[in-house]
Each structure stands twice: as C-alpha cells, then as structure tokens.
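Asker: Dropping a structure here in structure tokens format, bear with me for questions.
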Amino acid sequence: MSESKLESAAPKSLIIATAGHVDHGKTSLIHGITGIDTDRLAEEKQRGLTIVPGFAYLHMPTGDNDEVHTIGFVDVPGHTDFINNMLAGVAAVDAALLVVAADDGIMPQTREHLSILNFLNVSQATVALTKTDRCEESRILEVEEDIKALLSESSLANSPIFQVSNLDGSGLDELKKHLLTMLQLQNNSASDYQNEYFRFLIDRSFSVKGIGSVVTGTVRSGMAETGSLKFHNATSSQCKIRGIRLDETELQHAKKGSRAALNLNIDHKLLTRGDWILDEEISRPASRLDVSIIFTESQHTPRSSTQYHLFIGASHHVVTIRKLGSRIDDIYQLRSHEPVHALHGDRFIIRDPASQFTIAGGKVIDIFVPRKNRGSEKRLEFLLAMDQNTESALSSLIELQSEGVDLENFSICRNIKPDALKVLTTKLKKSGLKFVDLDSGEHGNRKILHNNFFDQYCEQILHQLKLFHSVNSNQQGISEPALSKAVDFSGSHQLFHRLLLAMQQSSSIKQTGTLLHLPGHNTSLSKEEAEFLKKVRPLLQKAGMVPPRTRELVEMTGIPLSALEKILKQSAKARTLIKVADNRYFLPETIMALAEFVEHLAAGQQYENGFSVIAFRDASGIGRNLSIEILEYFDHIGFTRRDGNTRFVRTDKENVFAN
C-alpha cells in the first residue's frame, strides 16, 4: 500500500499476542518495540516473569483528523504454571509474535503455545529469535532451521523470522517495520461490523477514582458507541457505556478487531475476565455446545464421564465431552457445569482433567442443541451443513431440513443482523433456490421451507380436508389440532400452524371461526361455536395459564351452566378446547406454552433427576391444585411420566396434540 493511500484510509488496528517459553524475552521485546513495560504486578517485577497478560500499544498517524492506526500487543505468560492466563490473553488476537531464545532454542512451552495458536486459528505470525547477542552465528542458524521445521507442521508455516537482541536493540527496527506493514495490510471492513451485533470480551476490570468501573478487552464483532446501552452476560443486566478509550485516546466508537477500555455503570466487582459486554439479541448462554474437535493425538478417545477443562473466549469451564455418532470423526458435544456464552465459529482449547496439558482444540458449530436425538443421523447432517460458510450453510439447511430453517436461531448462532439476513435470503432466491417464507408472527420464530417440502405438506392437508368434507358434509370444518392428527403430521405444531397460515394467505384453504375448510365448502356456524368464539375464547386468551373454572365462566359470560357445558363439550370434541380437569378447559396454544415451560424446567441442570409438583408450582407461579391438574393431564396423554413424587418428560411437546 502506498503512503498516500495509507494516509487516506480509515483507522486500522492489529492485535498481536506474544507466545513462547518463559524467560525467552517476550516482555523485554514488547518494551523495546513500544517503550512500555507490560509487567504491572509487584510479584511480576520481583520474580522477573509475566503472570497475567499485559498490554501495550504502538500508534501510527493516519494523517486524517488526528486519527491513528494502532497495534495492540498482548504480552502473555510463558511459564507453564500460568498457562490459563496465557489462554485468556490469546483468545481474541489477529496475529502472534512467537518468541524463541537463540541460546535455549525450542522449549516445551514453545511447542504448547504454537499448538494453542494453531487450534485457535491464528493465521498470521512473526517469529522473533531473541538473545542473539549470546550465541554464535552457527547456533542462530541452527535454531532458525529448527523453528522452520516446527512451523511447517502448523498453520503458521513460512512465517518470517527476525533475529533480535533486547540487550543492544539490534534487529528491533526491522521487526517493528514488518509489524507496521502487517498493520497497513490489515483489512477492517465496515461491512463486517455493520452486519454483526456487538461482542466485547473482557480480560481485565478495575475501578478508577472519579470515573468508576473500567473494563479492557477486545471487540470481537460489531460496533458500540459512547452512550449506548448494552448487556452484561454474567449478571444478565443492561449497562451503559459511559466512555471508550484506546490507550490514551478518547473514542466515540469501538469497532470489531480493536482493543478498547470501556467505562461502564456496573460495579467493577461484578465484572470479571471472561465476561461479555454485548447486544442482548445474541445473549443465548448454553450449557451444551455442538462442536468440531481435533485432538493433538489423533487416536485419543475422550471418556464421556471424565471432566475436562474448556478455555473459550477468556473464560474457563469444566465440561464433559460426548462423541456424536460414529461415522464422523470430529463432531462432539460439550456439556458445561455452568452456561457458556459462545457463537458459531468461536475457537476453544481443551486441557486434560488435571489441566496440565493441551489435548485438543476446536470450534463451535451450534449453540441450539435439541433436547432429544442429539446424536441422530438427522442431527449430524444438520451439523455438517452448519459447518460451512454462512451462505453455503443456509443453502444446505434449506435443502436438508424438512421442518424448515429456524432463521432466528440461525442468525443468532452466526451473529447476523436482520438486514444482512434479508440480503442473504434474497441472494439465495436469486440464485434459483426455491423456498417459502413462513413468518407466523406471535407463534414463534420465522422459518423458511424448501418448496419441495411445502408442496408435499400442502398436498397432504388438502387431501385430508377433502376427505373430511366427504364424510362430514354438514360440518363447517375441522379444528387445527384435529386436522394435524388426521394428517398424521410428523413435524412440529408450530410448523403445521405456519403451513395453514400460508395456505390461507394463498386462499388454498379458509378458516371460519376456529374451523378449517376448503374454499368452496360453506355451512353456518353452530350456535355453540358462535358463543364460544364471542364470549368464551376471549376470556381464556386473557387468562393465560390460569383459565377460569366452569362456574366462574358462567358468572363471567352470563351463559347458563347447562348451555355453557354444551359449548365446552362441543369445543373439546372439535379440539378447539382441551379438557384438563372436570371444571377446567385450556386453549390448545396455552397447553403448548405449558408443555414448552415443562421442557425448559426439566432441561435445567438442577432437575436432571426429575422435577416435583412444588418445583413446577414455584417456577410457574401457578397454584398447587391447578399445577397437579396440569401435570396429571400431561401424565395421562403421555407427555410426562410420574415416578413417585417426581416427573420426567418422555416425549416432544408437539406430540401433545397427536393424542
């Protein structure tokens, strides 16, 4: 890049982490390049080694509006005792500065740090061969050859090597010039951060007198501006960014790829390394992650009951590892003892149960792990499709998924804003991929379904409606749950509902009251159906999960008890109502909501061994007697199974409507 082009360019940033064995001169090297001592702690100065990651900056003016290009250096510990701190330091960097002392040569931590960089997909590296003033030329050349051989086995092969001396400064100017060239070539595209939500990874927090809580870290995606409201994942609370700094410079924005210090309106004691400041739209902590893993020893087989150490972002978690299926080598599921904030593509490191050795590395594929059939062939096909670039992944999933692609989950997992998602789906349509947009509004996430699946489902629904009319010519139509059962629909209740909405929009079918029928089929509503729609259904909708008892409905509607019981009985027969107890009727959508609530309750780690009536009552806020009635109904239809005072979910909630 020419100097004139560089000066007219927008500010760029490059984050470089040191790597290498203890006492090979990493901290001295950063001091020689920037003039900054990254060892802040008294213990670090006393012991002469880095314990926690330190930070330094090298600025280069752009020539425009006093803005500067910046290299941020993260100086990480080299001692094996502080490998956890090293992993936090390299969690979000663009490049590495691998430091090898000429007198020692390649050492154990050199190899482990290189392995970690390889697993974390750090694709740019520069090697500094330090302490050259202590060695003969032959020794220096020998170590250079060893380094080249070591790098040839990694993604950092052919990285340039610079001979330097921290003692007399020789070679530092050439190294510094090379790093500035890397900075100039850095591509910080505006479209990258504009299409993504904001994620800021915290690596340090402290309090400044007169300012308040300050966190330092790296912007992993998106952009934030001073005064904006964001979300703190650890406390699940909103926070305001009061100010942004880069080294000594006040900024209005913090953008993807840059280091920054944020002044937040949260007590700094609640802010710890590994936390995230992010847009709430992508805050989806998960205790299970489906991932791709590569082990340092290809024959290594993780034991499902063994606890391993996961380092992701700048956080540490204890996890178990489960192989998914048998035909694909590298697809696994991680289960954490506490929720993990992660998105598709996030890299991680796994260490052995004693956290003494790095045994594997990998990347996140999906954070929305289903409750059942996690290792099924269908799930594996989904994960293989997801493990591609965004456009290819969405295209493959549309062709693959007979239940449609959940666009909300897809966009959250891959951190795609709505406008960017719209551009992507439009592009796929223009390429010839044929699919239907099933947006059901209040009934759940937006889905898109391939035309082949859509046409097949529509044909089944129309066939069943024709059959129903031929047998029940005097009836207006059939309820949605009854039609789903008649079709023997294998997909979810939500998908079936979306299909019906799409068919109504295209006038393939019609709905009168709560009953579905073909466009040419006309009969009048029964008196009971009309009364139900006018007086009863609105009250049940308003009541939510605690519907009135039958006698309460009498008082609320003014309908005599015998007439009301007839309305409720006929509505239950048409499956526009569900009878849960002798005096209690629920709307089908309310039962679905309760079933979903039970699923989430049962999936919670504290209820792995089943949940009680009391647990359901406390979590839902529903009274004890009604809680018992609801759970006994779920037992009766086979959704839950009772074992003493404990219950377990035994089937998917969609099956509630198929019984």
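The values are calculated or read from the model by the stated rules, or taken from the named source; none is laboratory data. Predicted, not measured: the structure shown is a model, and the values here were computed from it. As a convention, Cβ positions derive from the backbone with ideal geometry for all residues, glycine included, and neighbour counts pool all protein chains shown.
Asker: From the list Val598, Val580, which residue is closer than 25 Å to Glu531 by Cβ and either touching a residue at least 40 places away in the same chain (Cβ under 8 Å) or loosely packed, with under 15 Cβ neighbours inside 10 Å (or both)? Full working, then the answer.
Answerer: Values: Val598 fails: closer than 25 Å to Glu531 by Cβ.
Just one listed residue meets the conditions, Val580.
Asker: When you scan the stretch 209-229, how many residues do you find that are of a type in the set (D, E, K, R) and farther than 13 Å from Ile277 by Cα?
Answerer: In the first step, residues of the stretch 209-229 are kept if they are of a type in the set (D, E, K, R); the result is 209, 220, 225.
Subsequent filtering for residues that are farther than 13 Å from Ile277 by Cα retains 209.
Going through the stretch 209-229 one residue at a time, the tally reaches 1.
Asker: Still on this structure, I have one more. So is Thr425 over 19 Å from the mean Cα position of the chain (by Cα) and among the β-branched types (Val, Ile, Thr) or not? Don't jump to the end; show me each part of the working.
Answerer: Values: over 19 Å from the mean Cα position of the chain (by Cα): yes; among the β-branched types (Val, Ile, Thr): yes.
Criteria met by Thr425.
Asker: Next question. Looking only at the stretch 118-141, which residues are within 17 Å of Ala102 (Cβ to Cβ), in a helix (DSSP H, G or I) and touching a residue at least 12 places away in the same chain (Cβ under 8 Å)? Break it down stepwise before answering.
Answerer: Our first condition is that a residue be within 17 Å of Ala102 (Cβ to Cβ); within the stretch 118-141, this holds for 126-141.
Subset that is in a helix (DSSP H, G or I): 132-134, 137-141.
The answer is Thr132, Asp133, Arg134, Arg139, Ile140.
Asker: Residues that are within 16 Å of Arg351 (Cβ to Cβ) and part of a loop (DSSP other than H, G, I, E, B): does the stretch 283-294 have at least one? Step through it out loud before you land on a result.
Answerer: Filtering the stretch 283-294 for residues within 16 Å of Arg351 (Cβ to Cβ) gives 291, 293-294.
Now restrict to residues that are part of a loop (DSSP other than H, G, I, E, B): none.
No, there is no match, as no residue in the stretch 283-294 is within 16 Å of Arg351 (Cβ to Cβ) and part of a loop (DSSP other than H, G, I, E, B).
Asker: So, of the residues in the stretch 607-654 that are within 22 Å of Val546 (Cα to Cα), in contact with a strand residue (DSSP E or B) (Cβ under 7 Å, 6 or more places away or on another chain) and among the charged types (D, E, K, R), which turns out to be surrounded by the fewest Cβ atoms within 10 Å (Cβ to Cβ)?
Answerer: Asp635
Asker: Right, here's the next one. Against the definition (under 22 Å from Lys579 (Cβ atoms), in the same structural domain as Ala593 (by TED's automatic domain parsing) and modelled with pLDDT under 90), how does Arg650 come out, yes or no?
Answerer: Criteria met by Arg650.
Asker: So the check is Cβ under 9 Å with 6+ separation or different chains; which pairs have a first residue in the stretch 202-230 that's touching a residue at least 24 places away in the same chain (Cβ under 8 Å) and exposed (fewer than 15 other Cβ atoms within 10 Å of the Cβ) and a second one that's assigned to a strand (DSSP E or B) and among the charged types (D, E, K, R)?
Answerer: Ile211/Arg242
Asker: Taking Pro370 as the residue in question, decide whether it is free of Cβ contacts under 8 Å to residues at least 12 places away in the same chain, under 27 Å from Glu196 (Cα atoms) and surrounded by fewer than 21 Cβ atoms within 10 Å (Cβ to Cβ). Let's see the steps before the verdict.
Answerer: Working: free of Cβ contacts under 8 Å to residues at least 12 places away in the same chain: yes; under 27 Å from Glu196 (Cα atoms): yes; surrounded by fewer than 21 Cβ atoms within 10 Å (Cβ to Cβ): yes.
When the stated conditions are applied, Pro370 passes them.
Asker: Restricting to the stretch 333-351, give me the number of residues that are over 19 Å from Arg414 (Cα atoms) and crowded, with 16+ Cβ neighbours inside 10 Å. It would help to see each step written out before you state the result.
Answerer: Restricting attention to the stretch 333-351, the residues satisfying the condition of being over 19 Å from Arg414 (Cα atoms) are 335-338, 349-351.
When the remaining residues are screened for being crowded, with 16+ Cβ neighbours inside 10 Å, the result is 335-336, 349-351.
Residues that pass the stated criteria total 5.
Asker: Within the stretch 583-595, count every residue that is surrounded by 18 or more Cβ atoms within 10 Å (Cβ to Cβ) and either part of a loop (DSSP other than H, G, I, E, B) or free of Cβ contacts under 8 Å to residues at least 60 places away in the same chain (or both). Talk me through it step by step, then tell me what you get.
Answerer: Taking the stretch 583-595 as the starting set, the residues that turn out to be surrounded by 18 or more Cβ atoms within 10 Å (Cβ to Cβ) are 584-588, 590-592, 594-595.
Now restrict to residues that are either part of a loop (DSSP other than H, G, I, E, B) or free of Cβ contacts under 8 Å to residues at least 60 places away in the same chain (or both): 584-587, 590, 594.
Summing the residues that are surrounded by 18 or more Cβ atoms within 10 Å (Cβ to Cβ) and either part of a loop (DSSP other than H, G, I, E, B) or free of Cβ contacts under 8 Å to residues at least 60 places away in the same chain (or both) in the stretch 583-595 gives 6.
Yes/no per residue for (1) farther than 30 Å from His341 by Cα; (2) modelled with pLDDT of 90 or more:
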position: Leu172; (1), (2): yes, yes
position: Tyr197; (1), (2): no, yes
position: Asp203; (1), (2): no, no
position: Val208; (1), (2): no, no
position: Lys240; (1), (2): no, yes
position: Leu246; (1), (2): no, no
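Okay, residues lined up against (1) in contact (Cβ under 8 Å) with a residue 40 or more places away in the chain; (2) under 27 Å from Leu449 (Cα atoms); (3) crowded, with 19+ Cβ neighbours inside 10 Å:
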position	(1), (2), (3)
Phe496	no, yes, yes
Ile509	yes, yes, yes
Thr512	no, yes, no
Phe532	yes, no, yes
Pro538	no, no, no
Ala563	no, no, no
Gln570	yes, no, no
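Asker: Looking at the stretch 295-308, I want the residues that are in contact (Cβ under 8 Å) with a residue 60 or more places away in the chain and have a partner that is assigned to a loop (DSSP other than H, G, I, E, B) with Cβ atoms under 9 Å, at least 6 apart or on another chain. Which pairs are those?
Answerer: Phe295/Thr301; Phe295/Pro302; Phe295/Asp330; Thr296/Phe357
Asker: Please specify each residue of the stretch 244-260 satisfying the condition of being buried (at least 22 other Cβ atoms within 10 Å of the Cβ) and in a strand (DSSP E or B).
Answerer: Of everything in the stretch 244-260, those that are buried (at least 22 other Cβ atoms within 10 Å of the Cβ) and in a strand (DSSP E or B) turn out to be Ile244, Ala254, Lys255, Arg259, Ala260.
Asker: Looking only at the stretch 157-180, decide whether some residue is part of a loop (DSSP other than H, G, I, E, B), hydroxyl-bearing (Ser, Thr, Tyr), touching a residue at least 40 places away in the same chain (Cβ under 8 Å) and under 25 Å from Lys12 (Cα atoms). Talk me through it step by step, then tell me what you get.
Answerer: At the first step, the residues of the stretch 157-180 found to be part of a loop (DSSP other than H, G, I, E, B) are 157-160, 164-171.
Next, from what is left, pick out any that are hydroxyl-bearing (Ser, Thr, Tyr): 159, 165, 170.
If we keep only those that are touching a residue at least 40 places away in the same chain (Cβ under 8 Å) too, we end up with 159.
So of that shortlist, the ones also under 25 Å from Lys12 (Cα atoms) come out as 159.
The answer is yes, given that some residue of the stretch 157-180 is part of a loop (DSSP other than H, G, I, E, B), hydroxyl-bearing (Ser, Thr, Tyr), touching a residue at least 40 places away in the same chain (Cβ under 8 Å) and under 25 Å from Lys12 (Cα atoms).
Asker: Across the stretch 356-414, what is the total count of residues that are assigned to a strand (DSSP E or B) and either assigned by TED's automatic domain parsing to the domain that holds Ile321 or of a type in the set (D, E, K, R) (or both)? Don't jump to the end; show me each part of the working.
Answerer: Our first condition is that a residue be assigned to a strand (DSSP E or B); within the stretch 356-414, this holds for 358-366, 405-406.
Retained after the next criterion (residues that are either assigned by TED's automatic domain parsing to the domain that holds Ile321 or of a type in the set (D, E, K, R) (or both)): 358-366, 406.
Number of matching residues: 10.
Asker: Moving on. Quick one: what pairs do we get from the stretch 336-360, first residue farther than 18 Å from Thr301 by Cα and free of Cβ contacts under 8 Å to residues at least 40 places away in the same chain, second of a type outside the set (A, V, I, L, M, F, W, C) and buried (at least 22 other Cβ atoms within 10 Å of the Cβ), C-beta under 9 Å, 6+ apart or different chains?
Answerer: If the second residue must be of a type outside the set (A, V, I, L, M, F, W, C) and buried (at least 22 other Cβ atoms within 10 Å of the Cβ), the pairs left are Asp346/Gly313.
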